[in-house]
Amino acid sequence: MRLGIIGLSQSGKTTVFEALTRSAATDGQHQESRIGTIIVPDKRVEVLSEMYNPRKTIFTQVAYFLPGKSDHGGGPKKEQSIWTQVRDCDALIHTIRNFSSYGVDAPTPKEDVITIDQELIISDLVVVEKRLERLALDEKRGKKPNPEEITLLKQCIAHLNNEIPLRRFPEIARTKLLRGFAFLSAKPMLILFNNADEDDSLPDSSSMPEGEECMVIRAKLEQEIAQMTDEEADEFLAEFNITASATDRVIQRSYDLMGLISFFTVGEDEVRAWTIGRNTDAVDAAEVIHSDIKKGFIRAEVLAYDDLMDAGTYAEARKKGTVRLEGKTYKVCDGDIINFRFNV
């Protein structure tokens with residue numbers, strides 16, 4: 001999973017990035033794109049690793065991407081460069097300044113959300129209009145376009161002209177015909193209100209964007225905590241009444257936003273977490289591990305993590321009848337422990 005961090009100038013994007021990735025910029029990095037990959041914390045993986053004592057324990061990972069500053073100065077070319085950099089991200093984290101600072105205007109969170117959305121919408125409009133122009137040119141040359149694609153593109157352009165981001169219409173933007181365009185306004189978005197150290201509350205309701213996934217981060221405070229030892233961090237978290245680090249909270253909200261879950265494979269060689277979308281069929285979950293497993297899929301031997309904890313051992317769970325065989329169309333659940341049976 002790759003999450004792009006965006007926002008207006010002085011919103012605290014770099015501070016958020018460093019808080020989430022527990023990193024600090026070197027002198028030469030301040031203008032460059034930065035990426036930080038961290039493991040997704042999951043107590044279940046730790047418990048399974050203690051139970052099986054494998055040679056390897058592998059957590060899933062999430063990558064945070066901070067676009068570099070453009071060489072184009074200001075204006076449309078600068079914004080185009082930023083949007084090009086984040087187009088291949090799975091989701092966007094929009095950082096909103098919600099703190100006061102000397103010499104800076106008072107924060108305007110709702111207006112800032114609208115400003116960035118408008119830029120994403122304009123970028124997508126350009127993509128859609130160019131595609132429609134290309135299809136019209138192909139038709140003049142005798143190549144018959146796909147009528148379904150044209151219909152979908154016209155639906156997109158209608159919503160975008162009404163200044164509505166395409167993430168409100170996932171059934172359109174995520175169709176197979178349009179998925180390759182990677183529309184920016186269609187990407188799932190988590191809005192992070194970047195508050196002052198002493199403020200852990202969301203903005204008042206009049207400043208809250210409707211229908212958006214929002215949460216608060218005290219980025220400067222969390223950045224400082226990220227540079228501490230575990231013992232120091234625990235004391236600091238308690239002092240400021242923070243029950244979980246920014247990294248843990250943002251990852252959880254990102255998973256929920258994108259509809260992601262984890263399943264596990266276990267054994268003496270390896271205990272590993274795998275990330276898939278909710279409602280994924282067993283045969284498609286098998287492909288995440290290896291395409292050959294999908295090709296030769298026979299059955300999935302499934303045990304829920306909670307059932308394993310109740311039984312104490314896999315053998316005892318089997319005796320209790322909680323280990324079951326499922327077919328290709330079984331919808332994998334969060335926490336499933338799966339052994340895929342296949343033959344290639």
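Structural remarks
- Single residue of F342, F297, F240, F264 found to be under 30 Å from I191 (Cβ atoms) and not polar (S, T, N, Q): F240
- Filter result for the condition that a residue is in contact with a strand residue (DSSP E or B) (Cβ under 7 Å, 6 or more places away or on another chain) and assigned to a helix (DSSP H, G or I), over R167, R134: R167
- Number of the exception - R218 against (1) within 17 Å of G12 (Cβ to Cβ); (2) in contact (Cβ under 8 Å) with a residue 60 or more places away in the chain: (2)
- Contacts under 7 angstrom Cβ, first residue in the range 232-245 being more than 14 Å from I217 (Cβ to Cβ), partner assigned to a helix (DSSP H, G or I), 6 or more apart: A233/I225; F236/I225
- If the condition is being surrounded by fewer than 18 Cβ atoms within 10 Å (Cβ to Cβ) and either among the hydrophobic types (A, V, I, L, M, F, W, C) or in contact with a Leu (Cβ under 6 Å, 6 or more places away or on another chain) (or both), then the range 189-207 contributes A196, D197, L202.
- Among residues of the range 1-23 being within 22 Å of the chain's Cα centre (by Cα) and in a loop (DSSP other than H, G, I, E, B), the one that is modelled with the lowest pLDDT is S23.
- Conditions (1) small (G, A, S); (2) modelled with pLDDT under 90; (3) under 21 Å from Y64 (Cα atoms); number of the one not met by S185: (2)
- Within the range 227-267, the set of residues being of a type in the set (A, V, I, L, M) and either loosely packed, with under 13 Cβ neighbours inside 10 Å or more than 18 Å from I5 (Cα to Cα) (or both) comprises M228, A233, L237, A238, I242, A244, L260, I261, V266.
- S254, sole failed condition from (1) small (G, A, S); (2) touching a helix residue (DSSP H, G or I) at 6+ places or on another chain (Cβ under 7 Å); (3) within 24 Å of F17 (Cβ to Cβ): (2)
The values are calculated or read from the model by the stated rules, or taken from the named source; none is laboratory data. None of these values were measured; they are calculated from a predicted model. For neighbour counting, all protein chains shown are included, and Cβ atoms are generated from backbone atoms with ideal geometry for every residue, glycine included.
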